[in-house]
1. Got a sec to turn the phi values of the range 90-102 into Karplus ³J(HN,Hα) couplings, 6.51 cos²θ - 1.76 cosθ + 1.60 with θ = phi - 60°, whole Hz, x for Gly and Pro?
2. Cα axis of helix 125-147 to longest principal axis of the chain: angle in degrees, 0 to 90, nearest 10?
3. Whole-Hz Karplus ³J(HN,Hα) for the range 47-62, in order, using 6.51 cos²θ - 1.76 cosθ + 1.60 and θ = phi - 60°, x for Gly and Pro?
4. Of the listed peptides 115-122, 135-142, 7-14, what is their order by residue-averaged count of other C-beta atoms within 10 Å, with the highest listed first?
5. Could you report the range 13-121's accessible area per residue, 1.4 Å probe, as an integer in Å²?
6. Just check the range 33-88 against the gyration tensor rule for me: Cα atoms, a ≥ b ≥ c as the square roots of the eigenvalues, rounded for a/c under 1.5, and otherwise prolate or oblate depending on whether a/b exceeds b/c.
7. When the helix-only estimate is applied to the chain (DSSP H runs of n ≥ 4, each -39,500 (n - 2.57), divided by the residue count), what is the mean residue ellipticity at 222 nm, nearest 500 deg cm²/dmol?
8. Place the peptides 25-33, 52-60, 37-45, 105-113 in order of packing, highest mean first, counting for every residue the other Cβ atoms within 10 Å and averaging per peptide.
Amino acid sequence: METTTLEPRIASPAFAVPGAMDALAQLHKAIGRVGISPRLLELIHLRASQINGCGVCAVQHPKIARKLGETDDRIFALAAWRDAPFFTDAERAALALTEAVTRLADTPDPVPDGIWEDAARHYDEQELAALVLSIASINVWNRLNVATRQVAGQGW
(Lines give C-alpha, C1' and ligand atoms only; values in the text may rest on other atoms or scores of the structure.)
Protein backbone atom coordinates (compact mmCIF):
# COMPACT_ATOMS: atom_id res chain seq x y z
CA MET A 1 0.00 0.00 0.00
CA GLU A 2 1.45 3.32 -1.07
CA THR A 3 1.12 6.33 1.21
CA THR A 4 0.79 9.94 0.18
CA THR A 5 3.10 12.57 1.60
CA LEU A 6 1.05 15.38 3.06
CA GLU A 7 2.20 18.68 4.49
CA PRO A 8 0.26 21.06 6.74
CA ARG A 9 -0.37 24.57 5.44
CA ILE A 10 0.96 26.11 8.65
CA ALA A 11 1.74 24.98 12.17
CA SER A 12 -1.34 24.34 14.28
CA PRO A 13 -2.87 27.68 15.26
CA ALA A 14 -3.25 26.35 18.82
CA PHE A 15 0.53 26.27 19.09
CA ALA A 16 1.32 29.24 16.83
CA VAL A 17 -0.66 31.83 18.83
CA PRO A 18 0.78 32.42 22.29
CA GLY A 19 -1.63 31.39 25.01
CA ALA A 20 -4.11 29.62 22.71
CA MET A 21 -3.05 26.10 23.67
CA ASP A 22 -3.12 27.04 27.35
CA ALA A 23 -6.69 28.33 26.98
CA LEU A 24 -7.84 25.17 25.19
CA ALA A 25 -6.11 23.01 27.80
CA GLN A 26 -7.81 24.91 30.62
CA LEU A 27 -11.19 24.40 28.97
CA HIS A 28 -10.47 20.67 28.69
CA LYS A 29 -9.54 20.53 32.39
CA ALA A 30 -12.71 22.40 33.41
CA ILE A 31 -14.86 19.98 31.42
CA GLY A 32 -13.06 17.04 33.04
CA ARG A 33 -13.85 18.31 36.53
CA VAL A 34 -17.60 17.92 35.90
CA GLY A 35 -17.25 14.15 36.09
CA ILE A 36 -18.59 12.93 32.75
CA SER A 37 -16.99 9.64 31.78
CA PRO A 38 -13.70 10.29 29.95
CA ARG A 39 -14.56 7.34 27.70
CA LEU A 40 -17.82 9.01 26.68
CA LEU A 41 -16.01 12.28 26.01
CA GLU A 42 -13.58 10.43 23.73
CA LEU A 43 -16.49 8.85 21.84
CA ILE A 44 -18.05 12.30 21.45
CA HIS A 45 -14.75 13.67 20.18
CA LEU A 46 -14.33 10.82 17.74
CA ARG A 47 -17.90 11.10 16.41
CA ALA A 48 -17.62 14.84 15.78
CA SER A 49 -14.23 14.29 14.16
CA GLN A 50 -15.69 11.65 11.84
CA ILE A 51 -18.41 14.08 10.78
CA ASN A 52 -15.92 16.90 10.25
CA GLY A 53 -13.38 14.78 8.40
CA CYS A 54 -10.55 15.53 10.81
CA GLY A 55 -7.89 12.90 10.19
CA VAL A 56 -5.74 13.99 13.13
CA CYS A 57 -8.58 13.49 15.59
CA ALA A 58 -9.95 10.38 13.85
CA VAL A 59 -6.59 8.73 14.54
CA GLN A 60 -5.91 10.24 17.97
CA HIS A 61 -9.23 9.74 19.77
CA PRO A 62 -9.61 5.97 19.25
CA LYS A 63 -6.12 5.55 20.71
CA ILE A 64 -7.05 7.61 23.76
CA ALA A 65 -10.36 5.77 24.09
CA ARG A 66 -8.59 2.40 24.03
CA LYS A 67 -6.19 3.54 26.75
CA LEU A 68 -9.26 4.44 28.82
CA GLY A 69 -10.64 0.91 28.35
CA GLU A 70 -12.98 1.48 25.42
CA THR A 71 -13.72 -1.62 23.32
CA ASP A 72 -12.96 -2.04 19.65
CA ASP A 73 -16.61 -2.91 18.96
CA ARG A 74 -17.79 0.43 20.29
CA ILE A 75 -15.04 2.37 18.52
CA PHE A 76 -15.64 0.59 15.20
CA ALA A 77 -19.43 0.93 15.42
CA LEU A 78 -19.45 4.57 16.48
CA ALA A 79 -20.28 5.96 13.04
CA ALA A 80 -23.36 3.69 13.07
CA TRP A 81 -24.22 4.07 16.77
CA ARG A 82 -27.98 4.18 16.10
CA ASP A 83 -27.86 0.66 14.67
CA ALA A 84 -25.32 -0.85 17.05
CA PRO A 85 -26.26 -2.52 20.36
CA PHE A 86 -23.17 -1.32 22.21
CA PHE A 87 -24.37 2.05 23.55
CA THR A 88 -26.52 2.98 26.53
CA ASP A 89 -29.48 5.31 26.28
CA ALA A 90 -27.45 8.05 27.98
CA GLU A 91 -24.59 7.60 25.51
CA ARG A 92 -27.02 7.65 22.60
CA ALA A 93 -28.47 10.93 23.89
CA ALA A 94 -24.96 12.42 24.11
CA LEU A 95 -24.09 11.20 20.62
CA ALA A 96 -27.31 12.63 19.16
CA LEU A 97 -26.50 15.95 20.83
CA THR A 98 -22.96 15.74 19.43
CA GLU A 99 -24.23 15.24 15.91
CA ALA A 100 -26.78 18.06 16.20
CA VAL A 101 -24.30 20.58 17.62
CA THR A 102 -21.65 19.56 15.08
CA ARG A 103 -24.04 19.91 12.13
CA LEU A 104 -25.58 23.28 13.05
CA ALA A 105 -26.01 24.49 9.49
CA ASP A 106 -27.61 21.31 8.16
CA THR A 107 -31.19 21.90 9.34
CA PRO A 108 -33.44 24.88 10.16
CA ASP A 109 -33.75 23.61 13.77
CA PRO A 110 -30.18 22.50 14.45
CA VAL A 111 -30.67 21.25 18.01
CA PRO A 112 -34.31 20.17 18.18
CA ASP A 113 -36.10 20.15 21.53
CA GLY A 114 -36.41 16.34 21.37
CA ILE A 115 -32.64 15.87 21.21
CA TRP A 116 -32.07 18.38 24.01
CA GLU A 117 -34.83 16.90 26.20
CA ASP A 118 -33.49 13.38 25.71
CA ALA A 119 -30.04 14.52 26.81
CA ALA A 120 -31.57 16.39 29.76
CA ARG A 121 -33.19 13.14 30.94
CA HIS A 122 -29.74 11.65 31.40
CA TYR A 123 -27.57 14.62 32.38
CA ASP A 124 -28.04 17.46 34.85
CA GLU A 125 -27.50 21.10 33.92
CA GLN A 126 -23.79 21.15 34.70
CA GLU A 127 -23.25 17.92 32.78
CA LEU A 128 -25.22 19.27 29.81
CA ALA A 129 -23.09 22.40 29.89
CA ALA A 130 -19.94 20.26 29.96
CA LEU A 131 -21.22 18.16 27.05
CA VAL A 132 -21.92 21.26 24.96
CA LEU A 133 -18.51 22.72 25.84
CA SER A 134 -16.82 19.43 24.98
CA ILE A 135 -18.63 19.22 21.64
CA ALA A 136 -17.74 22.84 20.90
CA SER A 137 -14.14 22.21 21.89
CA ILE A 138 -13.66 19.22 19.59
CA ASN A 139 -15.28 21.19 16.79
CA VAL A 140 -12.67 23.92 17.38
CA TRP A 141 -9.88 21.36 17.13
CA ASN A 142 -11.44 19.81 14.00
CA ARG A 143 -11.70 23.19 12.34
CA LEU A 144 -8.14 24.16 13.25
CA ASN A 145 -6.79 20.86 11.92
CA VAL A 146 -8.89 20.70 8.76
CA ALA A 147 -8.41 24.36 7.79
CA THR A 148 -4.64 24.12 8.11
CA ARG A 149 -4.45 20.54 6.79
CA GLN A 150 -2.73 19.10 9.81
CA VAL A 151 -1.55 15.56 9.09
CA ALA A 152 -2.73 12.55 11.04
CA GLY A 153 0.06 10.77 12.86
CA GLN A 154 2.46 13.72 12.76
CA GLY A 155 3.40 16.06 15.54
CA TRP A 156 1.64 16.01 18.87
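The values are calculated or read from the model by the stated rules, or taken from the named source; none is laboratory data. Just so we're clear, the structure is a prediction, and the values are computed from it rather than from any experiment. All Cβ positions, glycine included, derive from the backbone under ideal geometry; neighbour counts span all protein chains shown. Surface areas here come from the heavy atoms of the whole protein model, side chains and all, with no ligands, DNA or RNA. Shrake-Rupley method; radii C 1.70, N 1.55, O 1.52, S 1.80 Å.
1. For the range 90-102, the Karplus-derived couplings read 5, 5, 4, 4, 5, 5, 4, 4, 4, 5, 5, 5, 6 Hz, x marking Gly and Pro.
2. Around 30 degrees separate the two axes.
3. Computed from phi, the couplings for the range 47-62 are 5, 4, 5, 4, 4, 7, x, 8, x, 4, 6, 5, 8, 5, 5, x Hz.
4. Working: 115-122: 15.9, 135-142: 20.2, 7-14: 13.1.
Most protected by this proxy first, the peptides run 135-142, 115-122, 7-14.
5. Result: 53 Å² of accessible area for each residue.
6. Values: a/c = 1.41, a/b = 1.03, b/c = 1.37.
Rounded.
7. Working: 8 runs with 99 residues, N = 156.
Mean residue ellipticity at 222 nm (helix-derived): -20000 deg cm²/dmol.
8. Numbers: 25-33: 12.7, 52-60: 18.8, 37-45: 21.6, 105-113: 10.3.
Descending packing order for the listed peptides: 37-45, 52-60, 25-33, 105-113.
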